[in-house]
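Below: the structure, in structure tokens.
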Amino acid sequence: MKKADYREIPVTLCSIDVLPIDNTYASPQTAMSDTVAAQAFGLRLQLKYMDEAGICQIDPMETVSLFPACYAMGNNGKTSHYYVPVNPIDSLVVYSTEDFDATHPAGTNLINCFSIFKPYSYYLPMDYLGGERRILFDDMYLQPKREEVNMLLLKLPEHAGNHQFTIRVYTRNGELFQQTLPSITLSL
């Protein structure tokens, strides 16, 4: 049997969306309430990438086709595609407008209070998202390409209360992607 070929395709991080999640259920779900138990709280990062075709922000109705021209030949099953960010994530900052605990006053980076769970293992967010990495997208034909990463809160706040989280993603190219979430109550 012939060994599969591997193709590295450059992709560029072009935008982020962040949603609060509730991990009370079998798998993390988008929070449906403005109150979430702190032990089940998390943040879902939706990282959007454009590929070599240069497509990032598009109208989905413009791409409806049973046979997209740029993928008409399809994957012949012999080539595996790995996507390599040309603007890799350099740092990730998560902070709250409120005091989290004695060592994390308002505005302090809370990234070390979160962890990313992938089957059978937990990762520190920058251990997973940083460095030279290759991304495998679930649907390589989707434009823009999306990577979904769930960061679960592993360290609880000292007190229950409202928090407004801001997430900043910095790339090695000096780009900043930022989003501030609406206020959410973390219950203990």
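The values are calculated or read from the model by the stated rules, or taken from the named source; none is laboratory data. The structure presented is a predicted model; accordingly, all values stated were derived computationally and were not measured. All Cβ positions, even for glycine, are placed from backbone atoms using ideal geometry, and neighbour counts span all protein chains on display. Heads up: the accessible areas ignore ligands, DNA and RNA and are worked out on the full protein's heavy atoms, side chains in. Shrake-Rupley method; radii C 1.70, N 1.55, O 1.52, S 1.80 Å.
From the set of residues in the range 90-116 that are touching a Pro at 6+ places or on another chain (Cβ under 9 Å) and among the hydrophobic types (A, V, I, L, M, F, W, C), which is farthest from F137 (Cα to Cα)? Spell out how you get there, then give the answer.
Initial filter on the range 90-116 (touching a Pro at 6+ places or on another chain (Cβ under 9 Å)): 92, 94, 96, 98-101, 104, 111-116.
Those still in the list that are among the hydrophobic types (A, V, I, L, M, F, W, C) too: 92, 94, 100, 111, 113-114, 116.
Working: L92: 21, V94: 25, F100: 34, I111: 24, C113: 27, F114: 23, I116: 17 Å.
Among residues in the range 90-116 that are touching a Pro at 6+ places or on another chain (Cβ under 9 Å) and among the hydrophobic types (A, V, I, L, M, F, W, C), the one farthest from F137 (Cα to Cα) is F100.
Return the only residue of L136, L124 being out of contact with any helix residue (DSSP H, G or I) (no Cβ under 9 Å at 6 or more places or on another chain) and either open to solvent by 60 Å² or more (accessible area, probe 1.4 Å) or without any contact (Cβ under 8 Å) to a residue 12 or more places away in the chain (or both). If you could, list the steps in order and put the result at the bottom.
Working: L124 fails: out of contact with any helix residue (DSSP H, G or I) (no Cβ under 9 Å at 6 or more places or on another chain).
It is L136.
Go through the range 107-132 residue by residue and tally those that are within 21 Å of P88 (Cβ to Cβ), among the aromatic types (F, W, Y) and either out of contact with any strand residue (DSSP E or B) (no Cβ under 9 Å at 6 or more places or on another chain) or not in a helix (DSSP H, G or I) (or both).
2
All but one of (1) of a type outside the set (G, A, S); (2) open to solvent by 50 Å² or more (accessible area, probe 1.4 Å); (3) free of Cβ contacts under 8 Å to residues at least 12 places away in the same chain hold for H104; state the number of the condition that does not hold.
In the conditions (1) of a type outside the set (G, A, S); (2) open to solvent by 50 Å² or more (accessible area, probe 1.4 Å); (3) free of Cβ contacts under 8 Å to residues at least 12 places away in the same chain, H104 misses (2) alone.
Check off (1) assigned to a loop (DSSP other than H, G, I, E, B); (2) open to solvent by less than 70 Å² (accessible area, probe 1.4 Å); (3) under 30 Å from S80 (Cβ atoms); (4) touching a residue at least 60 places away in the same chain (Cβ under 8 Å) for P157 and give me the number that stays unchecked.
(3)
Report whether or not R146 is open to solvent by 60 Å² or more (accessible area, probe 1.4 Å), modelled with pLDDT under 95 and within 12 Å of the chain's Cα centre (by Cα). Step through it out loud before you land on a result.
On the way: open to solvent by 60 Å² or more (accessible area, probe 1.4 Å): yes; modelled with pLDDT under 95: yes; within 12 Å of the chain's Cα centre (by Cα): yes.
Answer is yes for this residue.
Are any residues in the range 76-92 assigned to a strand (DSSP E or B) and either modelled with pLDDT under 95 or open to solvent by less than 30 Å² (accessible area, probe 1.4 Å) (or both), and if so, which ones? Walk me through how you get there before you give the answer.
Here is the first cut: in the range 76-92, the residues assigned to a strand (DSSP E or B) are 79-85, 89-92.
Those that are assigned to a strand (DSSP E or B) and either modelled with pLDDT under 95 or open to solvent by less than 30 Å² (accessible area, probe 1.4 Å) (or both): T79, S80, H81, Y82, Y83, V84, P85, I89, L92.
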